[in-house]
Amino acid sequence: MPPYIGRFAPSPTGPLHFGSLVAALASYLDAKAAGGTWLVRIEDLDPPREIIGSSQRILEQLALHGMNSDGPVRYQSQRLSQYEAQLEQLIADDHVYRCRCARRSFGSIYPGRCRTAQVSADEAHALRLRINTSVIQHHDIGMGAHTWRQNIDYGDFILKRKDGLFAYQLAVVIDDIDQGITRIVRGADLLASTAMQYCLYKAFNTRSPDTLHVPIMRDRDGQKLSKQNHAPELNDLTPAENLQQALQALNQSPISIDSPENMLTAAIDGWQPSRIWSS
Ligand code: GLU
């Protein structure tokens with residue numbers, strides 16, 4: 001078994017809110033309880049969506065809660081030439097094709113119109129992964145078994161957009177492979193992405209990591225806490241209480257208020273992933 005390497009991979013679209021603390025904490029505790037390494041990767045792939053200063057802010061917020069990356073923090077914006085090189089490989093292996101279709105010209109699933117079209121490199125185009133019709137079976141450590149029908153659930157998906165930006169699915173898989181990530185712990189809103197990422201692992205002939213998806217947090221109206229929904233940022237003045245609440249959201253044994261470092265040590269000792277989804 002390779003040594004456990006986990007990660008927390010926030011997009012710098014704003015400071016951390018309670019929902020992102022829950023995901024960060026779960027990934028941290030799961031890695032540490034296994035004697036593993038925990039890495040932070042800033043997924044700053046989409047400049048128009050980025051809020052200036054939030055990468056630094058996120059790192060400060062994590063540190064305030066006692067969580068620091070075990071290795072240098074990776075920034076995806078510094079990895080573009082690697083993404084391009086890996087994409088070239090997928091093109092050479094005929095996993096990828098050029099697509100000129102506008103998003104509005106089809107429903108939610110791309111019907112594969114450009115699969116056999118000769119789209120020239122000079123024409124504005126996106127690059128899509130050619131998926132097949134087989135089903136993907138996946139067992140998530142927290143959420144159990146799922147079956148995905150590739151052609152019905154997502155179809156040929158985009159790896160590089162027409163505007164030249166690399167897609168999250170491509171970059172996340174390349175970095176998870178490159179950093180030797182053995183288990184992905186993140187919010188349940190990304191469970192559906194797991195299947196697409198599995199297709200990419202296959203295309204890269206690499207074993208995919210285990211996954212543990214954790215509950216997403218909602219506000220009083222049942223809306224997912226997210227940066228888009230203007231979830232309030234974590235209160236810097238109450239890190240111990242924030243940690244206590246995040247542990248509670250993960251269904252872990254309660255831990256008394258102390259320094260974040262001592263609370264994390266106690267939480268690592270008591271970590272029970274099987275309790276996360278138990279009611
Ligand atoms: N960067 C993604 C986000 O902040 C998470 C990526 C992942 O954990 O796979 O939503």
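A few comments on the model shown:
- The residue of the stretch 21-50 that is most open to solvent (accessible area, probe 1.4 Å), among those that are without any contact (Cβ under 8 Å) to a residue 40 or more places away in the chain and within 12 Å of the ligand (Cβ to nearest atom), is R49.
- Residue check, R103 exposed (fewer than 14 other Cβ atoms within 10 Å of the Cβ) and under 16 Å from K162 (Cα atoms): yes
- Residues within the stretch 1-54 that are among the basic types (K, R) and in a strand (DSSP E or B), tallied: 2
- Enumeration of residues in the stretch 163-192 that are farther than 16 Å from S27 by Cα, surrounded by 16 or more Cβ atoms within 10 Å (Cβ to Cβ) and not aliphatic (A, V, I, L, M): F166, Y168, Q169, D175
- Residue that is nearest to W277 (Cα to Cα) [pool: residues in the stretch 136-162 that are open to solvent by 70 Å² or more (accessible area, probe 1.4 Å) and of a type in the set (A, V, I, L, M, F, W, C)]: I141
- Boolean, K224 is within 30 Å of G155 (Cα to Cα), within 13 Å of the ligand (Cβ to nearest atom) and either open to solvent by less than 10 Å² (accessible area, probe 1.4 Å) or among the charged types (D, E, K, R) (or both): yes
- Meets criteria (touching a residue at least 40 places away in the same chain (Cβ under 8 Å), polar (S, T, N, Q) and either under 30 Å from S81 (Cβ atoms) or assigned to a helix (DSSP H, G or I) (or both)) for T211: yes
- Pairs where the first residue, in the stretch 112-130, is of a type in the set (V, I, T) and the second is in a loop (DSSP other than H, G, I, E, B) and open to solvent by less than 50 Å² (accessible area, probe 1.4 Å), C-beta under 6 Å, 6+ apart: V119/H125
The values are calculated or read from the model by the stated rules, or taken from the named source; none is laboratory data. Computed from a predicted structure; not experimentally measured. Backbone-built Cβ (ideal geometry, glycine too); neighbour counts: all protein chains shown. Heavy atoms of the whole protein, side chains included, go into the accessibility calculation; ligands, DNA and RNA do not. Shrake-Rupley method; radii C 1.70, N 1.55, O 1.52, S 1.80 Å.
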